[in-house]
1. Residues in segment 158-181 that are within 21 Å of residue 277 (Cα to Cα) and in contact with a helix residue (DSSP H, G or I) (Cβ under 6 Å, 6 or more places away or on another chain): how many?
2. Look through 279, 263 and report the one residue that is within 21 Å of residue 133 (Cα to Cα), touching a Ser or Thr at 6+ places or on another chain (Cβ under 6 Å), outside any loop (DSSP other than H, G, I, E, B) and polar (S, T, N, Q).
3. Can you confirm whether residue 265 is of a type in the set (Ser, Thr, Tyr), within 22 Å of residue 22 (Cβ to Cβ), touching a Lys or Arg at 6+ places or on another chain (Cβ under 8 Å) and surrounded by 22 or more Cβ atoms within 10 Å (Cβ to Cβ)?
4. List the helices (runs of 4 or more DSSP H) that sit entirely inside segment 4-92 and contain at least 2 residues that are among the charged types (D, E, K, R) and either within 19 Å of the chain's Cα centre (by Cα) or surrounded by fewer than 14 Cβ atoms within 10 Å (Cβ to Cβ) (or both).
5. Among (1) out of contact with any Leu (no Cβ under 6 Å at 6 or more places or on another chain); (2) crowded, with 16+ Cβ neighbours inside 10 Å; (3) in a loop (DSSP other than H, G, I, E, B), there is one condition residue 98 misses while meeting the rest; what is its number?
6. Please enumerate the residues belonging to segment 127-153 that are in a helix (DSSP H, G or I), of a type in the set (A, V, I, L, M) and in contact (Cβ under 8 Å) with a residue 24 or more places away in the chain.
7. For segment 62-84, how many residues are touching an Asp or Glu at 6+ places or on another chain (Cβ under 9 Å) and under 22 Å from residue 24 (Cα atoms)?
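The values are calculated or read from the model by the stated rules, or taken from the named source; none is laboratory data. Quantities reported herein were computed from a predicted structural model and do not represent experimental measurements. Positions of Cβ are backbone-derived with ideal geometry, glycine not excepted, and every protein chain shown enters the neighbour counts.
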Amino acid sequence: MATTTAPGGLTFAETSWRALGTYVQLGVADAGRLDEARARAEDLLAAVDLACSRFRADSDLTRANLGAGSWVRVDPLLVAAVGAALDAAEDTDGVVDPTLGRSLVALGYDADIGAVRSRPDDPAGVPLPAVPDAWRAVGLQDDAVLVPFGTALDLGATGKAFASDLLADDLADRGIACIVSLGGDISIGVPPALADDDGTGPVDWPVAIAELPDDPPVQTVLLDHGGLATSSVLGRRWTRGGRRVHHLIDPRTGRPAESVWRTVTVSAGCAVEANTATTASIVLGEDAPRWLAERDLAARLVDADGGVTLVAGWPADDDLAAGGRS
């Protein structure tokens, strides 16, 4: 745990651990409540993992996929997570598609990324494009999910962001101003009693921007509300049929998206919205800057050669700016 005393009587504290197959970073604006916040976070993330993991035989998502074609009773957490994924599909006209589970398995991504990388290289599988508009046929009830027959759900594009927003909102409802990062999907928790009329909070949280977790930051932005996400083709990569592949799938081909952009970072109203935009940008390739600008989403895109494109007011790399402010 690290603590910092700041003007205004705030004492910041932060802690980190691993969950959901990635790193968790949690910061609070009241050091005295860090232990409470972490305990709540560990419980909530454990529940999300049990409901939503594609890699657990006992998860609700695994049961729903095995029961494709029929309604399967599940934890309401999974219903909410699938609902967020369907919203992402709707917002991107299917570019971000939650029914790509079978496509990912065909590429060999059927276990935690560490296990996938440790295997000997296998011959390349036959690409499996998404069933057109299958995401529109996903059914949701309060405590049940219907996965369309012939498909499998994967929440990799929105699942961590959903959990980040869920945790930040939960802690904020408990009066804890916080910042949550799950594998780089970042959400700011603003307690209602501390929020300004425009929803901004009392704390400018510094966020380091880097392509990979261990890379030195190229920039720091400040967030006082909303969310931020980074998607990259550099992190979750493995070898398949003698080729390097990654986990961001173009639903039209069933193959990893062409790497026009190796990394995209977006600031938005919440982590799910930000991650939806970063994933869509990787898939859209050259069309991504226009797509982001039309939605007024501030973004930083890094191309395959390291060139940087800034969209919708994202600050230059040598600036310190309030990336989360409207």
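1. Let us first name the residues in segment 158-181 that are within 21 Å of residue 277 (Cα to Cα), namely 158-169, 179-181.
Checking the rest, the ones that are also in contact with a helix residue (DSSP H, G or I) (Cβ under 6 Å, 6 or more places away or on another chain) come to 158-159, 161-165, 167, 180.
Residues that pass the stated criteria total 9.
2. Details: 263 fails: within 21 Å of residue 133 (Cα to Cα).
Going through 279, 263 in turn, just one is within 21 Å of residue 133 (Cα to Cα), touching a Ser or Thr at 6+ places or on another chain (Cβ under 6 Å), outside any loop (DSSP other than H, G, I, E, B) and polar (S, T, N, Q): 279.
3. Taking the combined requirement at face value, the residue satisfies it.
4. Numbers: elements: 34-52, 60-66, 76-91.
It comes to 34-52, 76-91.
5. (1)
6. Filtering segment 127-153 down to residues in a helix (DSSP H, G or I) leaves 134-137.
Next, only the ones that are of a type in the set (A, V, I, L, M) stay: 134, 137.
134 - this is the single residue of segment 127-153 that is in a helix (DSSP H, G or I), of a type in the set (A, V, I, L, M) and in contact (Cβ under 8 Å) with a residue 24 or more places away in the chain.
7. Here the count works out to 3.
Listed here are the residues, each with its yes/no results for (1) modelled with pLDDT of 90 or more; (2) part of a strand (DSSP E or B); (3) within 21 Å of the chain's Cα centre (by Cα).
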{"site": "105", "(1), (2), (3)": "no, no, yes"}
{"site": "125", "(1), (2), (3)": "no, no, no"}
{"site": "155", "(1), (2), (3)": "yes, no, yes"}
{"site": "160", "(1), (2), (3)": "yes, no, yes"}
